[in-house]
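Below is one structure, written out as structure tokens; comments come after it.
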Amino acid sequence: MGFFGKKDWAYSVGVIAVVITLFSSFWPNIPAMESKAAVPGPWFLIFFPNLLVYFILVMRKGHERGKKAWFGLALGMAFILNFINGIAATTRMSNRLPEINPLIDNYAPASMYMLTMPTNMIASILFGITTIGIFLARNKEKVRIAGLAGAFLAISAGFPLAFYSMFFEGASFSFSMFILGPVVSLLVGIFILSSKMWNKLTGNTK
């Protein structure tokens with residue numbers, strides 16, 4: 001309705017709405033496919049049409065360049081993947097907590113997940129702020145700081161969590177989906193860290 005009425009708030013609300021929709025329609029697919037409950041995840045039927053809406057919105061209505069739209073998508077993936085890591089860590093932590101006598105039983109199997117879960121969640125929130133901020137915020141430097149903080153937290157918690165899951169938890173090596181979050185965070189973090197690259201991608205002239 002806002003776009004039909006040419007309201008000033010329409011674009012801002014549209015960006016926030018499409019980012020939240022992409023987030024909420026992507027992440028449930030990962031646990032569904034990992035557990036083989038649904039392959040491919042049925043929520044992709046919502047995700048892909050909204051992905052098209054995202055590009056149309058930011059490039060046609062927002063008049064943003066393609067590089068910025070793709071960078072926003074990469075930031076959004078970091079937002080989603082770190083949230084997934086936080087949710088998965090919560091599940092594994094709950095499954096490994098001692099049930100008989102918490103005062104004397106061993107917390108070691110759950111300790112890695114207890115330590116990294118809140119860090120991944122905070123990183124996810126910071127990446128969510130950065131994703132929306134590159135399109136809507138006036139002060140892009142503050143958005144950049146949020147992105148750098150998110151990347152630092154995601155890398156510092158994500159890689160130890162992934163390596164523990166792959167090399168130490170089981171009897172033999174097994175690939176872990178935990179690795180995707182810190183890898184994507186590292187890649188976008190490199191672009192955020194370079195002020196020249198950040199300004200080029202976001203169109204920041206200040």
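Annotations for the structure displayed:
- Residue, surrounded by the fewest Cβ atoms within 10 Å (Cβ to Cβ), within the stretch 110-123, restricted to residues that are over 10 Å from residue 153 (Cβ atoms) and without any contact (Cβ under 8 Å) to a residue 40 or more places away in the chain: 111
- Here residue 71 fulfils each of the conditions (1) surrounded by fewer than 19 Cβ atoms within 10 Å (Cβ to Cβ); (2) modelled with pLDDT of 90 or more apart from (1).
- Qualifying residue in the stretch 91-108 (condition: in contact with a Pro (Cβ under 8 Å, 6 or more places away or on another chain), modelled with pLDDT of 75 or more and surrounded by 18 or more Cβ atoms within 10 Å (Cβ to Cβ)): no
- Single residue of the stretch 47-68 satisfying the filter (exposed (fewer than 13 other Cβ atoms within 10 Å of the Cβ) and charged (D, E, K, R)) that is modelled with the highest pLDDT: 67
- Residues being in contact with a helix residue (DSSP H, G or I) (Cβ under 8 Å, 6 or more places away or on another chain) and of a type in the set (D, E, K, R) - total across the stretch 170-206: 2
- Only helices (runs of 4 or more DSSP H) whose full extent lies in the stretch 124-206 are considered here, and the ones with at least 3 residues that are within 19 Å of residue 89 (Cα to Cα) and in contact (Cβ under 8 Å) with a residue 40 or more places away in the chain are 140-163, 180-193.
- Of all residues in the stretch 179-206 being polar (S, T, N, Q) and over 20 Å from residue 59 (Cβ atoms), the one that is surrounded by the most Cβ atoms within 10 Å (Cβ to Cβ): 185
- Total residues in the stretch 163-194, condition small (Gly, Ala, Ser) and at pLDDT 90 or above: 4
- Condition check for residue 81: part of a helix (DSSP H, G or I) and assigned by TED's automatic domain parsing to the domain that holds residue 157: yes
- Residue 167 vs. criteria farther than 21 Å from residue 73 by Cα and surrounded by 15 or more Cβ atoms within 10 Å (Cβ to Cβ): no
The values are calculated or read from the model by the stated rules, or taken from the named source; none is laboratory data. Quick caveat: nothing in here was measured; it's all calculated off a predicted structure. Every residue, glycine among them, receives a Cβ derived from its backbone with ideal geometry; neighbour counts consider all protein chains shown.
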